[in-house]
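Below is one structure, written out as structure tokens; comments come after it.
The values are calculated or read from the model by the stated rules, or taken from the named source; none is laboratory data. Worth saying up front: this structure is predicted, and the values here are computed from it rather than measured. Quick reminder, even Gly has a Cβ in these numbers, built from the backbone with ideal geometry, and neighbours come from all protein chains shown. Accessible surface areas use protein heavy atoms only, side chains included; no ligands, DNA or RNA. Shrake-Rupley method; radii C 1.70, N 1.55, O 1.52, S 1.80 Å.
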Amino acid sequence: MVAGRRIRFAAVLVAVVFALTGFSSHGGSSSGGSSGKSKSSSGGGCSSSKTKKKSHGNGSGSSSSPTPSPSNTAPPAHAEVVSCAGAGKKEATLKVTSDMNTERAVEVPVVFEGASGAAVDQNTIRVTLKANETRIVTVSMTQADKAAEVKNCRLGRITRS
């Protein structure tokens, strides 16, 4: 009778240890062996993996806080400088492409820079683009007499108008 109690106690003890360590007889992957050691060494539910699972949900609250989608933060269009102002030319030519799926007006700022990189002049053009439309536009300098000083044109952040 004492031997039966010892066997039951050992079985209960093993079950408690497995329950506390997160061991699962059906949830782990094994490396082909049938011993309990190979299951636990292959990560079949050890306590560290269970702890990691719990810490992901309770960490910094990132799973419950909304993450802004790229469409909310992405500019409504993109542009590139086709040609820049300079000696004898008082305007920049831009290629502006809508990234929206509806018609929208956008504002494209242009900075006309001198040789040192400092702003010589700046202007913003308002363009209405249909969904995914590309358009060539011209942005005039506000201080046309400084055109000869311009060596580069830099685009600012495009915004909805």
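Treating cross-link reach as a plain straight distance, find the aspartates and glutamates whose alpha-carbon is under 12 Å from the alpha-carbon of Lys130, omitting any fewer than eight places away in the same chain.
Lys130 reaches Asp99, Glu103.
Using only the Cα atoms of region 112-156, what semi-axes does the equivalent ellipsoid have when each is the square root of 5 times a gyration tensor eigenvalue? Give whole Å, largest first.
Details: eigenvalues 126, 24, 13 Å².
Working through the eigenvalues yields semi-axes of 25, 11, 8 Å.
Pull up all non-local amide H partners of Met100: gap of 5 or more, or a different chain, and H-to-H distance under 5 Å with H placed in the peptide plane.
The answer is Asn132.
Once a ≥ b ≥ c are taken as the square roots of the eigenvalues of the Cα gyration tensor of region 79-138, is the result rounded (a/c under 1.5), prolate (a/b larger than b/c) or oblate (a/b not larger than b/c)? Working shown, then result.
Working: a/c = 2.93, a/b = 2.32, b/c = 1.26.
Since a/c reaches 1.5 and a/b is larger than b/c, the shape of region 79-138 is classed as prolate.
Using Cα-Cα distances under 8 Å and only pairs 6 or more residues apart, what relative contact order does region 69-113 have, in percent? Write out the running numbers ahead of the final one.
Working: 39 pairs, mean separation 16.3, N = 45.
Once normalised by length, the contact order is 36 percent.
Please list the non-local residues whose amide H lies under 5 Å from the amide H of Glu113, H modeled 1.01 Å from N, same-chain partners needing a gap of 5 or more.
Hits under the 5 Å cutoff: Val120, Lys151, Asn152, Cys153, Arg154.
What is the local net charge at Ala77, summed over the other residues whose Cβ is closer than 13 Å to its Cβ (Lys, Arg +1; Asp, Glu -1)?
Result for the neighbourhood of Ala77: +2.
How much of the accessible area of region 68-126, in percent, comes from carbon and sulfur atoms when a 1.4 Å probe is used?
Carbon with sulfur: 48 percent of the solvent-accessible area.
So what J values fall out for region 91-96 if you push phi through Karplus, 6.51 cos²θ - 1.76 cosθ + 1.60 with θ = phi - 60°, rounded to Hz, Gly and Pro as x?
Whole-Hz 3J(HN,Hα) from phi for region 91-96: 8, 10, 10, 10, 10, 10.
First select every other residue whose beta carbon is under 13 angstrom from the beta carbon of Val14; then total the charges, Lys and Arg +1, Asp and Glu -1.
On the way: positive: Arg6, Arg8; negative: none.
That sum, taken over residues with Cβ under 13 Å, equals +2.
Taking only protein heavy atoms into account and a 1.4 Å probe, give the accessible area per residue of region 79-161 in Å².
56
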